[in-house]
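**Student:** Below is the structure I would like to discuss, written out as structure tokens.
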Amino acid sequence: MRQFFEIALPLILPTAIYFSYVLIARARGAAEVPEMPWVWLGVAGGLLLAVTFMALALYGGASPSDIYQPPKIVGGKVEPGHFEPAH
């Protein structure tokens, strides 16, 4: 689910907005709806994806000095991976 919100949604959202615009314009009786601007939709999706990745890099995750502890089995249960502060 996280991958959908971080990768797929920023790429799909501009196209979904455009399709909504076209449907509304046709419902209101617009004589001519412009052709699909694939290049602009791709650029807009790429920019949204870049903003998403930049936000994740700046506000998400652990500090670069933290040490990652991989998942391990403790007492027959899987202990998920986590970050521990550096000493």
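**Student:** Taking Asp66 as meeting all but one of (1) in contact with a helix residue (DSSP H, G or I) (Cβ under 7 Å, 6 or more places away or on another chain); (2) open to solvent by less than 70 Å² (accessible area, probe 1.4 Å); (3) not basic (Lys, Arg), write down the number of the exception.
**Tutor:** Status for Asp66: all satisfied but (1).
**Student:** Between a residue in region 23-39 that is closer than 21 Å to Leu11 by Cβ and any residue that is part of a helix (DSSP H, G or I) and at pLDDT below 85, which pairs come within a Cβ distance under 8 Å, given they are 6 or more apart or on different chains?
**Tutor:** Taking only residues 6 or more apart or on different chains, the pairs are Met36/Tyr18; Pro37/Tyr18.
**Student:** Still on this structure: Of the conditions (1) out of contact with any helix residue (DSSP H, G or I) (no Cβ under 6 Å at 6 or more places or on another chain); (2) surrounded by 10 or more Cβ atoms within 10 Å (Cβ to Cβ), Ala31 clears all except one; give me its number.
**Tutor:** (2)
**Student:** Right, another one. Taking only pairs six or more apart or across chains, which ones have beta-carbon atoms under 8 Å, a first residue in region 1-19 that is touching a residue at least 40 places away in the same chain (Cβ under 8 Å), and a second residue that is among the small types (Gly, Ala, Ser)?
**Tutor:** Within 8 Å, the pairs are Pro10/Gly45.
**Student:** Further, regarding this structure: With respect to the numbered conditions (1) more than 20 Å from Arg2 (Cβ to Cβ); (2) surrounded by 10 or more Cβ atoms within 10 Å (Cβ to Cβ); (3) of a type in the set (Ser, Thr, Tyr), which one is the sole condition not fulfilled by Thr52?
**Tutor:** (1)
The values are calculated or read from the model by the stated rules, or taken from the named source; none is laboratory data. Quick caveat: nothing in here was measured; it's all calculated off a predicted structure. Heads up, the Cβs are rebuilt from the backbone with ideal geometry, glycines too, and the neighbour counts pull from every protein chain shown. What goes into the accessible areas is simple: the full protein's heavy atoms, side chains included, and nothing from ligands, DNA or RNA. Shrake-Rupley method; radii C 1.70, N 1.55, O 1.52, S 1.80 Å.
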